[in-house]
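These notes concern the structure reproduced below.
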Number of protein chains: 2
Amino acid sequence: MDITAENRAFDGRQIVATHASEACQCDMTFGLYLPPQAQDGPVPLIWYLSGLTCTHENAMTKAGAQAWCAEHGLAMVFPDTSPRGTAVADDAAYDLGQGAGFYIDATEAPWAPHFRMQSYIADELPGLLSANFPLDAARQSIMGHSMGGHGALTLAMKTPGRFSSVSAFSPICNPSDSDWGRKQFTAYLGADADWEAHDAARLMRQDGIDIPVLIDTGTDDQFGDLLRTEALAQAMAEKRVAHSLRMQKGYDHSYFFVASFIEEHIAFHADALWA
Amino acid sequence: MDITAENRAFDGRQIVATHASEACQCDMTFGLYLPPQAQDGPVPLIWYLSGLTCTHENAMTKAGAQAWCAEHGLAMVFPDTSPRGTAVADDAAYDLGQGAGFYIDATEAPWAPHFRMQSYIADELPGLLSANFPLDAARQSIMGHSMGGHGALTLAMKTPGRFSSVSAFSPICNPSDSDWGRKQFTAYLGADADWEAHDAARLMRQDGIDIPVLIDTGTDDQFGDLLRTEALAQAMAEKRVAHSLRMQKGYDHSYFFVASFIEEHIAFHADALWA
């Protein structure tokens, strides 16, 4: 693992690192913010999963998370959204291939060899982070934006006991029934695969989730129809899942929305992580 | 109008008053809390609509609202939930007749002569209150619990412009599709009436609402199936209504739940009323 950049931020360290990923069979880059408290020993970790077209960099530079991570003594990791490189399959569309990993393990050609983002995020990267940084592996939470919000919700449901809390900004909620999902699941998993096991609203309806859940979506989200928030809202209420779902008046899908409420999301995770 | 009781509370006045109601054609009793700020001039008003079996008294004595009304300089009115008296029709069931007015105007026998709670709450009582107490009629919000939560939501949607914000604890959400609703709508309105115009989830799906909305329901609500929270959750998300819906872990349908979060509800209304 090579640390390729490091900047002081809010008395802590904003790191960028690259490593050879076994899961993705290519070099992968991530951002990691370590708060000042990490100088004195392991700190809890929040996973921030980004949306379509993003790299590790977008949230790291635009979400404004570091100030609140420093205040609460929490680290935050910003993984990339897909495998990358000339040897890795891609598609001309912005919403398939590189930058659009959907946090699942592809089984179909040409994606299967590298597009293993679920294994990367759920299995490989946690070990790498624990081995190299002062992180408390017993205290982890997860959040994300858009495709990454869906990733956060599904990974939390797929790994019960792993995360203490989950939150999402503008999450894709029901990809099986949306153009943000059907196309990618067909490509990565095949038309006949068990999509249910990778769909937040369907997983929620089936299994629910037993950790605190916070979801924020803007009333003016330009992709509102694609998100299908209503399917997740219905499933959470039906399943009596403890949660808070907020539709924030006048906000859209951008990082300006994320930055406006990131303080509350980090405080929400801090409550769960320090409980 | 006779003031039948008055107690000092949090430096303000907790009043109970009785008056001959034109809408309900019987004597009606309500509670009114005036905060200390009302000594200096008109204050905004929050309507608190109660649930099945309640009178004006339950929330007044058990919700713990007065402390926060005093802090924010807000009055709160606690109307009764139905017409009352030996001349008024009733039913042996707890959920029909006296104590179960559902905040609608009955059209069917034997209910039509007295059960006109929509007219009473929306038209008659506001005038009486304004004429007799230092209230700022331009600043009103509405909230309620269970049947009263449904009343608050539907009255807010039926009177656009009247209320600055609406909140509900454990609201009945979709009475047309629940045993808490079908029975009463059949009795009061008739089986062939336009139930849609009196059903919170259906009104929401059709018209939405353009004031801040806050809803709290317990994950352990013993009447959860009857509330049909999922129908309202879906409708609000689908219609992109700015709102916050929270399912609070471990809470049930009781006033212990209401009292636990009333501070936040009153602060929520204060934000809208003082904006």
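FYI, it's all coordinate maths here, none of it is from the lab. Since the model is a prediction, treat every value here as computed from it, not as a measurement. As a convention, Cβ positions derive from the backbone with ideal geometry for all residues, glycine included, and neighbour counts pool all protein chains shown.
Taken along its three principal axes, the alpha carbon spread of region B:29-149 comes to 46, 27, 22 Å, from the longest extent down to the shortest.
Placing unit charges on the Cβ atoms of the charged side chains and taking the dipole of region B:1-104 about its Cα centre, the candidate lying farthest along the positive direction among B:HIS56, B:PRO42, B:SER82 is B:PRO42. Taking the Cα centre of region B:2-273 as origin and assigning +1 to Lys and Arg Cβ atoms and -1 to Asp and Glu Cβ atoms, the resulting dipole is close to 340 debye. Listed cross-link partners A:LYS183/A:LYS239; A:LYS62/B:LYS249; A:LYS158/B:LYS183 are compared with a 31 Å cut-off, the Cα-Cα value being larger for A:LYS62/B:LYS249; A:LYS158/B:LYS183.
Annotation: the antiparallel percentage among DSSP beta bridges lying fully within region B:2-273 is about 50. Taking max minus min of the alpha-carbon positions on each principal axis, the protein assembly as shown gives extents of 84, 50, 33 Å, largest first. A Cα-only calculation for region B:139-209 places Rg and Dmax at 11.9, 37 Å. Couplings 3J(HN,Hα) for region A:188-197, derived from phi with the Karplus relation 6.51 cos²θ - 1.76 cosθ + 1.60 (θ = phi - 60°), are 7, 10, x, 5, 9, 6, 7, 4, 3, 6 Hz, where x marks Gly and Pro. For B:THR18, the label point sits 7 Å beyond Cα toward Cβ; its separations from the matching points on the remaining copies run 8.4 nm, from shortest to longest. For chain B, the orientation-averaged shadow of the C-alpha convex hull comes to 13.0 nm² (one quarter of the hull surface).
For chain A, the relative contact order comes to 17 percent (Cα pairs under 8 Å, sequence separation of at least 6).
Overall shape of region A:1-71 was characterised from the C-alpha gyration tensor. The equivalent ellipsoid obtained from it has semi-axes of 22, 15, 11 Å, in decreasing order.
Sorted from shortest to longest, the distances between the B:ARG182 label points of this copy and the other copies are 3.3 nm, with each point 7 Å from Cα along the line through the beta carbon.
The fewest-to-most ranking of B:VAL43, A:VAL77 by surrounding Cβ atoms within 10 Å reads B:VAL43, A:VAL77. Scalar couplings 3J(HN,Hα) for region B:13-19, obtained by applying the Karplus form with A = 6.51, B = -1.76, C = 1.60 to θ = phi - 60°, are 10, 9, 10, 10, 9, 10, 8 Hz; x denotes Gly and Pro.
By per-residue mean of other Cβ atoms within 10 Å, what is the highest-first order of B:60-68, B:131-139, B:18-26?
Numbers: B:60-68: 19.3, B:131-139: 15.0, B:18-26: 17.0.
For the peptides B:60-68, B:131-139, B:18-26, the packing ranking is B:60-68, B:18-26, B:131-139.
Sorted from nearest, the other copies put their A:TRP274 label points 2.7 nm away, the label point being 7 Å from Cα in the direction of Cβ. For the pair region B:242-275 and region B:39-72, the centres of their Cα atoms are 13 angstrom apart. Computed from backbone phi, the HN-Hα couplings of region B:248-256 come to 8, 5, x, 8, 10, 8, 7, 5, 5 Hz, rounded to whole numbers (Karplus: 6.51 cos²θ - 1.76 cosθ + 1.60, θ = phi - 60°; Gly and Pro given as x). Per residue, the convex hull spanned by the Cα atoms of region B:40-97 measures out at 101 cubic angstrom.
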